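One structure is given below, encoded as C-alpha coordinates.
The values are calculated or read from the model by the stated rules, or taken from the named source; none is laboratory data. Only a predicted model underlies this, so the values are computations on that prediction, with no experimental measurement involved. Here the Cβ is made from the backbone with ideal geometry for all residues, glycine too, and neighbour counts use every protein chain on show. These accessible areas exclude ligands, DNA and RNA; they are computed on the full protein's heavy atoms, side chains included. Shrake-Rupley method; radii C 1.70, N 1.55, O 1.52, S 1.80 Å.
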Amino acid sequence: MIFVENLNKKFGPNHVLKGVDCHIREREVVCVIGPSGSGKSTFLRCMNGLESITSGSIVINKHRLDDSKTNINLVRQEAGMVFQHFNLFPHLKVIDNVMLAPLKVAKVNRDEARAKAEMLLAKVGLAEKMEAFPGSLSGGQMQRVAIARALAMDPKIMLFDEPTSALDPEIVGEVLTVMKDLANEGMTMVVVTHEMGFAREVADRVLFMDQGLIVEEGSPDEIFSSPRNARTQGFLSKVL
Ligand code: ADP
Ligand code: MG
(Lines give C-alpha, C1' and ligand atoms only; values in the text may rest on other atoms or scores of the structure.)
(Ligands and ions follow the chains in the order given, each with its own letter.)
Protein backbone atom coordinates (compact mmCIF):
# COMPACT_ATOMS: atom_id res chain seq x y z
CA MET A 1 0.00 0.00 0.00
CA ILE A 2 2.90 2.36 0.79
CA PHE A 3 6.35 2.09 -0.83
CA VAL A 4 9.00 4.54 0.35
CA GLU A 5 12.47 4.17 -1.15
CA ASN A 6 15.58 6.15 -0.35
CA LEU A 7 13.49 9.14 0.67
CA ASN A 8 15.54 12.28 1.20
CA LYS A 9 14.12 15.59 2.34
CA LYS A 10 16.08 18.77 2.84
CA PHE A 11 14.86 22.10 4.17
CA GLY A 12 17.60 24.34 2.78
CA PRO A 13 20.83 23.05 4.30
CA ASN A 14 18.95 20.98 6.88
CA HIS A 15 19.03 17.35 5.69
CA VAL A 16 16.01 16.04 7.59
CA LEU A 17 15.29 12.64 5.99
CA LYS A 18 18.44 10.80 4.97
CA GLY A 19 17.36 7.84 2.90
CA VAL A 20 14.25 6.38 4.51
CA ASP A 21 13.09 2.98 3.20
CA CYS A 22 9.76 1.64 4.29
CA HIS A 23 7.12 -0.68 2.86
CA ILE A 24 3.70 -0.89 4.47
CA ARG A 25 1.14 -3.53 3.57
CA GLU A 26 -2.60 -3.12 3.28
CA ARG A 27 -4.29 -3.39 6.72
CA GLU A 28 -0.99 -3.00 8.53
CA VAL A 29 -0.77 -0.70 11.56
CA VAL A 30 2.67 0.87 11.88
CA CYS A 31 3.65 3.07 14.80
CA VAL A 32 6.55 5.48 14.41
CA ILE A 33 8.41 6.48 17.55
CA GLY A 34 11.54 8.53 18.13
CA PRO A 35 12.89 11.71 19.65
CA SER A 36 11.64 15.16 18.82
CA GLY A 37 13.24 16.54 15.65
CA SER A 38 14.07 13.12 14.21
CA GLY A 39 11.87 13.73 11.14
CA LYS A 40 8.70 11.80 12.04
CA SER A 41 6.27 14.56 11.04
CA THR A 42 8.20 15.34 7.88
CA PHE A 43 8.06 11.66 6.93
CA LEU A 44 4.26 11.58 7.35
CA ARG A 45 3.82 14.90 5.55
CA CYS A 46 5.84 13.62 2.59
CA MET A 47 3.55 10.60 2.42
CA ASN A 48 0.49 12.66 1.58
CA GLY A 49 2.20 15.31 -0.45
CA LEU A 50 2.16 18.07 2.17
CA GLU A 51 5.93 18.33 1.70
CA SER A 52 7.76 17.94 -1.58
CA ILE A 53 10.37 15.20 -1.85
CA THR A 54 14.03 16.15 -2.39
CA SER A 55 14.95 12.72 -3.80
CA GLY A 56 13.85 9.12 -3.65
CA SER A 57 10.38 7.81 -4.29
CA ILE A 58 7.06 7.33 -2.57
CA VAL A 59 4.25 5.27 -4.04
CA ILE A 60 0.91 5.44 -2.22
CA ASN A 61 -1.59 2.87 -3.42
CA LYS A 62 -0.02 2.89 -6.91
CA HIS A 63 0.23 6.70 -7.12
CA ARG A 64 3.82 7.92 -7.56
CA LEU A 65 4.26 11.09 -5.50
CA ASP A 66 7.43 12.11 -7.35
CA ASP A 67 5.60 12.08 -10.70
CA SER A 68 4.30 15.51 -11.70
CA LYS A 69 1.40 13.83 -13.52
CA THR A 70 0.06 12.38 -10.27
CA ASN A 71 -3.11 14.06 -9.05
CA ILE A 72 -2.08 15.11 -5.54
CA ASN A 73 -5.68 15.68 -4.49
CA LEU A 74 -6.45 12.07 -5.23
CA VAL A 75 -3.50 10.98 -3.10
CA ARG A 76 -4.69 13.17 -0.22
CA GLN A 77 -8.14 11.63 -0.60
CA GLU A 78 -6.65 8.16 -0.25
CA ALA A 79 -4.38 9.06 2.65
CA GLY A 80 -6.33 10.90 5.32
CA MET A 81 -4.32 12.82 7.89
CA VAL A 82 -5.00 13.67 11.52
CA PHE A 83 -2.80 16.26 13.21
CA GLN A 84 -1.84 17.04 16.78
CA HIS A 85 -3.85 20.25 16.54
CA PHE A 86 -7.18 19.38 15.05
CA ASN A 87 -7.47 22.24 12.56
CA LEU A 88 -11.27 22.20 12.58
CA PHE A 89 -13.05 25.18 11.05
CA PRO A 90 -14.34 27.09 14.11
CA HIS A 91 -17.13 28.87 12.22
CA LEU A 92 -18.62 25.58 10.96
CA LYS A 93 -20.74 23.20 13.02
CA VAL A 94 -19.31 19.77 13.70
CA ILE A 95 -21.45 18.15 11.02
CA ASP A 96 -20.46 20.80 8.46
CA ASN A 97 -16.77 20.26 9.23
CA VAL A 98 -17.23 16.57 8.40
CA MET A 99 -19.32 17.27 5.25
CA LEU A 100 -17.05 19.95 3.82
CA ALA A 101 -14.53 17.90 1.84
CA PRO A 102 -17.10 15.41 0.47
CA LEU A 103 -19.20 18.36 -0.75
CA LYS A 104 -16.42 20.59 -2.08
CA VAL A 105 -13.75 18.13 -3.18
CA ALA A 106 -15.55 14.87 -3.90
CA LYS A 107 -18.73 16.64 -5.15
CA VAL A 108 -20.98 14.24 -3.28
CA ASN A 109 -24.60 15.37 -3.05
CA ARG A 110 -25.75 17.01 0.17
CA ASP A 111 -28.05 14.23 1.42
CA GLU A 112 -25.43 11.59 0.88
CA ALA A 113 -22.71 13.70 2.53
CA ARG A 114 -24.95 14.35 5.52
CA ALA A 115 -25.91 10.70 5.96
CA LYS A 116 -22.27 9.70 5.84
CA ALA A 117 -21.23 12.42 8.29
CA GLU A 118 -23.96 11.37 10.73
CA MET A 119 -22.83 7.77 10.50
CA LEU A 120 -19.18 8.71 11.11
CA LEU A 121 -19.98 11.00 14.03
CA ALA A 122 -21.99 8.19 15.59
CA LYS A 123 -19.04 5.89 15.02
CA VAL A 124 -16.69 8.20 16.96
CA GLY A 125 -19.30 8.62 19.70
CA LEU A 126 -20.37 12.17 18.88
CA ALA A 127 -23.85 11.79 17.41
CA GLU A 128 -25.20 14.26 19.98
CA LYS A 129 -22.63 16.94 19.07
CA MET A 130 -23.50 17.21 15.37
CA GLU A 131 -24.97 20.69 15.64
CA ALA A 132 -22.38 22.01 18.08
CA PHE A 133 -19.54 24.35 17.14
CA PRO A 134 -15.98 23.09 17.68
CA GLY A 135 -15.29 25.74 20.32
CA SER A 136 -17.79 24.12 22.68
CA LEU A 137 -16.08 20.71 22.55
CA SER A 138 -13.29 19.20 24.63
CA GLY A 139 -9.96 18.46 22.96
CA GLY A 140 -10.76 14.77 22.82
CA GLN A 141 -14.09 15.46 21.16
CA MET A 142 -12.45 17.80 18.64
CA GLN A 143 -9.89 15.16 17.77
CA ARG A 144 -12.65 12.59 17.25
CA VAL A 145 -14.38 15.05 14.90
CA ALA A 146 -11.06 15.42 13.05
CA ILE A 147 -10.88 11.65 12.65
CA ALA A 148 -14.48 11.52 11.37
CA ARG A 149 -13.66 14.33 8.97
CA ALA A 150 -10.68 12.43 7.58
CA LEU A 151 -12.77 9.26 7.24
CA ALA A 152 -15.47 11.11 5.30
CA MET A 153 -13.31 10.93 2.18
CA ASP A 154 -13.12 7.12 2.37
CA PRO A 155 -9.34 7.00 2.73
CA LYS A 156 -7.49 3.74 2.22
CA ILE A 157 -4.76 4.89 4.58
CA MET A 158 -4.90 7.00 7.73
CA LEU A 159 -1.85 8.97 8.84
CA PHE A 160 -1.83 10.19 12.44
CA ASP A 161 0.73 12.72 13.69
CA GLU A 162 0.78 12.62 17.48
CA PRO A 163 -3.01 12.75 17.65
CA THR A 164 -3.12 12.69 21.44
CA SER A 165 -0.10 14.83 22.34
CA ALA A 166 -2.13 18.00 22.83
CA LEU A 167 -4.76 16.31 25.00
CA ASP A 168 -5.15 16.17 28.76
CA PRO A 169 -4.17 12.72 30.02
CA GLU A 170 -7.69 11.78 31.11
CA ILE A 171 -9.11 12.19 27.59
CA VAL A 172 -6.31 10.51 25.63
CA GLY A 173 -8.07 7.16 26.03
CA GLU A 174 -11.25 8.12 24.16
CA VAL A 175 -9.23 9.04 21.07
CA LEU A 176 -7.05 5.93 21.28
CA THR A 177 -10.20 3.80 21.51
CA VAL A 178 -11.50 5.24 18.23
CA MET A 179 -8.11 4.55 16.62
CA LYS A 180 -8.08 1.01 17.98
CA ASP A 181 -11.52 0.38 16.47
CA LEU A 182 -10.26 1.63 13.10
CA ALA A 183 -7.25 -0.66 13.31
CA ASN A 184 -9.49 -3.60 14.13
CA GLU A 185 -11.63 -2.83 11.10
CA GLY A 186 -8.55 -3.27 8.94
CA MET A 187 -7.58 0.31 8.15
CA THR A 188 -3.99 0.74 6.99
CA MET A 189 -2.52 3.15 9.53
CA VAL A 190 0.74 4.98 10.18
CA VAL A 191 0.74 6.51 13.64
CA VAL A 192 3.42 8.79 15.03
CA THR A 193 2.91 8.55 18.75
CA HIS A 194 4.37 8.86 22.22
CA GLU A 195 1.73 6.46 23.52
CA MET A 196 3.91 3.42 23.98
CA GLY A 197 1.02 1.43 25.47
CA PHE A 198 -0.98 1.98 22.29
CA ALA A 199 1.99 1.04 20.08
CA ARG A 200 2.58 -2.13 22.06
CA GLU A 201 -1.06 -3.19 21.93
CA VAL A 202 -2.18 -2.11 18.46
CA ALA A 203 0.86 -1.89 16.17
CA ASP A 204 1.81 -4.73 13.87
CA ARG A 205 5.20 -3.09 13.51
CA VAL A 206 7.09 -0.32 15.26
CA LEU A 207 9.62 1.94 13.54
CA PHE A 208 12.18 3.83 15.60
CA MET A 209 13.41 7.00 13.88
CA ASP A 210 16.42 9.01 14.86
CA GLN A 211 18.24 11.79 12.99
CA GLY A 212 16.35 11.28 9.77
CA LEU A 213 16.62 7.52 9.49
CA ILE A 214 14.68 4.44 10.51
CA VAL A 215 17.27 3.07 12.89
CA GLU A 216 15.39 -0.03 13.96
CA GLU A 217 12.09 -1.73 13.26
CA GLY A 218 10.32 -4.80 14.49
CA SER A 219 7.27 -6.17 16.23
CA PRO A 220 6.20 -4.26 19.34
CA ASP A 221 7.65 -7.06 21.42
CA GLU A 222 11.01 -6.91 19.65
CA ILE A 223 11.25 -3.14 19.95
CA PHE A 224 9.98 -2.71 23.49
CA SER A 225 11.28 -5.87 25.14
CA SER A 226 14.58 -6.43 23.36
CA PRO A 227 15.70 -3.42 21.31
CA ARG A 228 19.01 -4.14 19.61
CA ASN A 229 20.14 -0.66 18.71
CA ALA A 230 21.80 1.48 21.38
CA ARG A 231 19.86 4.57 20.29
CA THR A 232 16.55 2.72 20.54
CA GLN A 233 17.55 1.48 23.98
CA GLY A 234 18.50 5.00 25.07
CA PHE A 235 15.22 6.48 23.81
CA LEU A 236 13.07 3.80 25.42
CA SER A 237 14.87 4.05 28.73
CA LYS A 238 13.74 7.70 28.86
CA VAL A 239 10.12 7.22 27.82
CA LEU A 240 9.07 3.89 29.33
P1 ADP B 1 9.62 15.28 14.57
O2 ADP B 1 8.22 15.23 14.08
O3 ADP B 1 10.28 13.96 14.68
O4 ADP B 1 9.74 16.05 15.85
P5 ADP B 1 10.05 17.05 12.33
O6 ADP B 1 9.81 16.25 11.10
O7 ADP B 1 8.97 17.96 12.77
O8 ADP B 1 10.50 16.08 13.50
O9 ADP B 1 11.34 17.93 12.13
C10 ADP B 1 12.58 17.42 11.70
C11 ADP B 1 13.49 18.56 11.34
O12 ADP B 1 12.97 19.24 10.20
C13 ADP B 1 13.66 19.61 12.42
O14 ADP B 1 15.02 20.02 12.41
C15 ADP B 1 12.76 20.73 11.97
O16 ADP B 1 13.25 21.95 12.41
C17 ADP B 1 12.85 20.63 10.46
N18 ADP B 1 11.63 21.09 9.79
C19 ADP B 1 10.41 20.52 9.87
N20 ADP B 1 9.51 21.17 9.10
C21 ADP B 1 10.18 22.20 8.54
C22 ADP B 1 9.80 23.26 7.65
N23 ADP B 1 8.55 23.36 7.18
N24 ADP B 1 10.76 24.14 7.29
C25 ADP B 1 12.02 24.02 7.75
N26 ADP B 1 12.44 23.05 8.58
C27 ADP B 1 11.54 22.16 8.98
MG1 MG C 1 6.45 15.87 14.88
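Relative contact order of the chain: 26 percent, from C-alpha pairs under 8 Å at least 6 residues apart in sequence. Available extension along the chain between ARG25 and ALA122 is 32.1 nm, counting 0.36 nm per residue and deducting the alpha carbon span. Mind running the shape call on the chain? Use the C-alpha gyration tensor, a ≥ b ≥ c as the square roots of the eigenvalues: rounded below 1.5 for a/c, prolate if a/b tops b/c, oblate otherwise. Because a/c hits 1.5 or more and a/b fails to exceed b/c, the chain counts as oblate. Secondary-structure-derived ellipticity at 222 nm for the chain, considering helices only, amounts to -11500 deg cm²/dmol, per-run term -39500 (n - 2.57) for DSSP H runs with n ≥ 4. Computed from the Kirkwood radius of its Cα pairs, the Stokes-Einstein diffusion coefficient for region 1-123 at 10 °C and 1.306 mPa s stands at 97 µm²/s.
Placing +1 on the Cβ of every Lys and Arg and -1 on the Cβ of every Asp and Glu, with nothing else charged, gives region 2-237 a dipole about its Cα centre of roughly 720 debye. When only Cα pairs below 8 angstrom with a gap of at least 6 residues are kept, region 45-100 shows a relative contact order of 26 percent. Within the chain, the whole DSSP H helices whose Cα atoms reach 15 Å or more along their own axis and whose mean Kyte-Doolittle score is at least 0.0 are 94-104, 139-151, 169-184. Model label sites at ALA230 and SER52, defined 7 Å from Cα along the beta-carbon direction, differ in position by 3.9 nm. The residues of region 82-180 expose on average 45 square angstrom of accessible surface per residue, using a 1.4 Å probe on protein heavy atoms.
Per-atom-type breakdown for the chain gives carbon and sulfur 49% of the accessible area (1.4 Å probe, protein chains only). Take the chain and mark each of the GluC sites (Glu not before Pro) that is in a DSSP loop with at most 12 other Cβ atoms within 10 Å; the longest unmarked stretch, sites excluded, is 27-130.
For region 126-218, the Kirkwood estimate of the hydrodynamic radius, built from every pair of different alpha carbons, is 14.5 Å.
Using a simple spin-label model with pseudo-atoms 7 Å out from Cα toward Cβ, ILE72 and LYS156 lie 2.0 nm apart.
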